[in-house]
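One structure is given here, and the rest of the page talks about it.
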Amino acid sequence: MKKAVCALLCAALLGGCGESRSRNDGKIRIGVSVYDSYDTFISELMKEFNTDVADTGDITVEVYNASGSQQTQNKQMENMIEKGCDVICINLVDRTSPKKIIDLAKKNNIPVIFFNRELVEEDLSQWEELYYVGADAAQSGVMEGQVAASAFADGTADKNGDGVIQYIVLEGEAGHQDAVVRTERSVDTLIEEGYEVDKIASAIANWSRSQAQTRMAGFLETYGNSIELVLGNNDDMALGAIDALKAAGIPRAAWPVIVGIDGTTAGLQAVVNGEMIGTVYNDKKGQAKAMADLAIALARGESLDHLNLKNDKYIRLPYQIITIDNVSDYLD
Ligand code: BGC
C-alpha cells in the first residue's frame, strides 16, 4: 500500500515538473550531425548553438561532420545513441532519406530535431518525437526579389537601357528546398514588382563560393557586360560571383547588381562595402537558440509550450532584409 502511494506521488511529481530523459546520471548529452562542416552558414549556426548551450551549464554537446555522406550520418546516429545522447539534432545530408535515422530514433526512444535541410511532412509525422527547426524558403526568395527590385528602381542598373533585367542565377544543391524555392520566388517577385526579366543563364554551384566563382568566370567570358543582375541562392555563391568579377579585372562601375541570402559574416561585410547591394538574413542566431531551447526542454522533460511549435513539430524563424541602411544591426 505504501509503495503504491509513493508510486502515485512520484508520478504526480514527475508529471508536474517533467521527467528528465538523461541517460547519463542527470547530465544532458546532445548529439549533432551536420551534413558538411565546411558549409559557411552551417558552421556559423553551429557556433551560435555551441555558445547557447554552453551558457546553460552542465550539458555536453558532441558534433559530427557527415562530410556529405548519408551513410556516414546514419552511422553517426548509431554512434550517438550508443554514447548515450539524450536528444539528437540532424542536419540531413539527403533530405529525402531520413528513414534510417527515424527508425533508430523510434526504436531507442530518442527525440530528433532535424534542422536546415527540411524533410517532407510525411516523414516528420512518422513519430511524435521528431521536430524541425528552420525557416520559410519562399519568404527568403520574395525578399531577395524585393532587394533586387529596389536596386533597379532608378534605372541606372539597367546597363543597356532596354527596360529589361538580364539576370543569372547561382543555385544551391539540386533538390534542396531552399535552392528550388528561392530561385522561383525571387524571379517571380521581380515580375510582380513590375519588371520585365530575361534569364541569361543559371548554374548549380552547390552553395559553394569557389564553384560559383568558376561558373561566374564562365558566364563573364560568354556574356560579358550584358549581365545586369546576379541572384545568389546564398551569400557564399554571391561572393563567388564577386571573386570572379575581381579576377576578371572588371571595374566596379561595370559590375552587375549582386544579391545574396544568409547574412554570413563575409556576406554582411560585402553589404557594408557595397559589393553586394543587399542580402536576406537567414536567422542563424534564432535558429540556433530555438534548437538549443528545444533540445534542452526535451532532454529535461519540460513543457514545450513556450516554444510555440507549429503543429507540435515546427519552429521556423522569419527572414529579414538587409541593406546598407540596416546592416549595422547585424554586425557582431
Ligand atoms: C543556406 C545555405 C547553406 C544551406 C545548407 C541554406 O539555408 O542558405 O547557405 O549552404 O542551407 O543546407
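Considering segment 19-46, and only residues there that are modelled with pLDDT of 95 or more and among the β-branched types (V, I, T), the residue that is most open to solvent (accessible area, probe 1.4 Å) turns out to be T40. Of the strands (runs of 3 or more DSSP E) lying entirely inside segment 208-302, those containing at least 3 residues that are under 17 Å from the mean Cα position of the chain (by Cα) span 278-281. Within segment 174-196, the set of residues being aliphatic (A, V, I, L, M), more than 15 Å from the ligand (Cβ to nearest atom) and crowded, with 18+ Cβ neighbours inside 10 Å comprises V187, L190.
Scanning for something of a type outside the set (F, W, Y), under 22 Å from A212 (Cβ atoms) and touching a Pro at 6+ places or on another chain (Cβ under 9 Å), does segment 80-91 turn up at least one residue? Scanning segment 80-91 turns up no residue that is of a type outside the set (F, W, Y), under 22 Å from A212 (Cβ atoms) and touching a Pro at 6+ places or on another chain (Cβ under 9 Å). Does segment 162-172 contain any residue that is in contact with a Pro (Cβ under 9 Å, 6 or more places away or on another chain), at pLDDT 95 or above, open to solvent by less than 10 Å² (accessible area, probe 1.4 Å) and aliphatic (A, V, I, L, M)? So far as segment 162-172 goes, yes, one or more of its residues are in contact with a Pro (Cβ under 9 Å, 6 or more places away or on another chain), at pLDDT 95 or above, open to solvent by less than 10 Å² (accessible area, probe 1.4 Å) and aliphatic (A, V, I, L, M). For segment 214-235, name all the residues that are open to solvent by 60 Å² or more (accessible area, probe 1.4 Å), modelled with pLDDT of 95 or more and polar (S, T, N, Q). Within segment 214-235, T214, T222 meet the criteria.
Report those helices (runs of 4 or more DSSP H) wholly inside segment 47-141 carrying at least 3 residues which are open to solvent by 10 Å² or more (accessible area, probe 1.4 Å), touching a residue at least 12 places away in the same chain (Cβ under 8 Å) and more than 16 Å from the ligand (Cβ to nearest atom). Hits in segment 47-141: 70-82, 99-108.
Here V133, V112 are screened, and the one residue that is touching a Phe, Trp or Tyr at 6+ places or on another chain (Cβ under 8 Å), over 27 Å from E184 (Cβ atoms) and of a type in the set (A, V, I, L, M, F, W, C) is V112. Give segment 229-278 a look and list any residue that's within 15 Å of the ligand (Cβ to nearest atom) and polar (S, T, N, Q), or say none. If the condition is that a residue be within 15 Å of the ligand (Cβ to nearest atom) and polar (S, T, N, Q), then N233, N234, T264, T265 are the ones that fit.
The values are calculated or read from the model by the stated rules, or taken from the named source; none is laboratory data. In this text, all values refer to a predicted model and were calculated from it rather than measured experimentally. When we count neighbours, we look across all protein chains shown, and the Cβ atoms used for this are built from the backbone with ideal geometry, even at glycine. Each accessible area value is taken on the protein alone, full model and side chains, heavy atoms only, with ligands, DNA and RNA left out. Shrake-Rupley method; radii C 1.70, N 1.55, O 1.52, S 1.80 Å.
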